[in-house]
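First the structure, in the form of structure tokens, and then the observations on it.
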Amino acid sequence: MLELRELVKRYHVGAGDPIRAVDGVSIVIAPGEILALYGPSGSGKTTLLELIATLQRPDEGSVLLDGRDVSALSAKEQDHFRLHELGMVGGVQSLIPGARAIENAALKLLLVNRKRAMASVQPLLERLGLGERLHHRTDQLSMGERQRVVIARALSTNPRLVLADEPTGSLDTQNSRDVLALLRGVCREREMTLLLATHDPNAAAFADRVVELRDGRIEPYRPDADLASQPNEHSDEVEPSTQL
């Protein structure tokens, strides 16, 4: 279980009062739950994810994973946490130019000295619809395919917790839906907890639950009215297209 307790992060800009990028956030996320953190740009979503990932230390509060305060770990322990227990899904810019899809996806496994790293990640790439693209270089892949390689890398170590920061921000609508469906499907199969940060109500609809972050505070979820009235078409039983 992931529990955030009264997290606060301040930034000092000039001589004025500090900006509270994260302002007393408390959330409990159950094991295996998919939670969407919805909010506009500048609402504090990325800062909150970085606090959970131990990339920043909170000024106040704690980040508890199964009762352990990961924000209080030593630097070495936090490195181990990020490498073994955490999966981070970002943008495609994290891919190594010129490397093959399977090499990019196996990067975390190589860092943990996993034997046969590329062979280990291949079934995951195949599950994500990249079985015929394993040996294509990054520049030979579509944007949707690149994003799925990023997902494969994040999930390759079977982490307990997955953080996804606007994972479909550079994709069109159909690719976004397919990539999110695949990400959700693999997390469910492997019983991983997923926290998805997004400014898109359509992406938030893939989650079990949605909370809204505005000005660093958790508020009631208020999606745009025109999108809120649309039915949720993203059933787990619908198999997404793999031709991205």
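So the values come out like this:
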read-out: Residues Tyr221 and Met1, FRET efficiency given R0 of 30 Å [Cβ-Cβ distance, rounded to 0.05]; value: 0.90
read-out: 222 nm mean residue ellipticity, helices alone, for the chain (DSSP H n ≥ 4; -39,500 (n - 2.57); rounded to 500); value: -8000 deg cm²/dmol
read-out: Whichever aspartates and glutamates have a C-alpha closer than 14 Å to that of Lys76, once near sequence neighbours (fewer than 8 apart) are set aside; value: Glu85
read-out: Share antiparallel - DSSP beta bridges, the chain, percent rounded to 5; value: 50 percent
read-out: Furthest towards positive pole of dipole, Val89, Thr173, Gly24, structure part the chain, Cβ charges; value: Val89
read-out: Residue exposure sequence - Ile29, Ile151 - by fewest surrounding Cβ within 10 Å; value: Ile29, Ile151
read-out: Where a label projected 7 Å from the Cα of Arg214 along Cα→Cβ would reach, residues of region 11-37 with amide N under 18 Å; value: 20-26, 36-37
read-out: Built amide H within the under 5 Å cut-off of Val162, gap 5+; value: Gly87, Thr193, Leu194, Leu195
read-out: Residues Leu180, Leu111 arranged by fewest to most Cβ contacts within 10 Å; value: Leu111, Leu180
read-out: Span per principal axis, largest first, for the Cα atoms of region 136-209 (Å); value: 35, 29, 17
read-out: Matching label, Cα extents along the principal axes in Å computed from the structure shown, candidates [x] 48, 38, 37; [y] 53, 47, 35; [z] 68, 39, 31; value: [y]
read-out: Neighbourhood net charge (11 Å Cβ-Cβ; Lys/Arg +1, Asp/Glu -1) for Arg127; value: 0
read-out: Simple Cβ-charge dipole of the chain, Lys/Arg +1 and Asp/Glu -1, about Cα centre, in debye nearest 20; value: 960 debye
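Read-outs: derived from the displayed coordinates by stated rules, not from any lab. Predicted model only: the values in this text are computed from it and were never measured. A quick note on method: Cβ atoms are made from the backbone with ideal geometry, for glycine too, and the neighbour counts reach across all protein chains shown.
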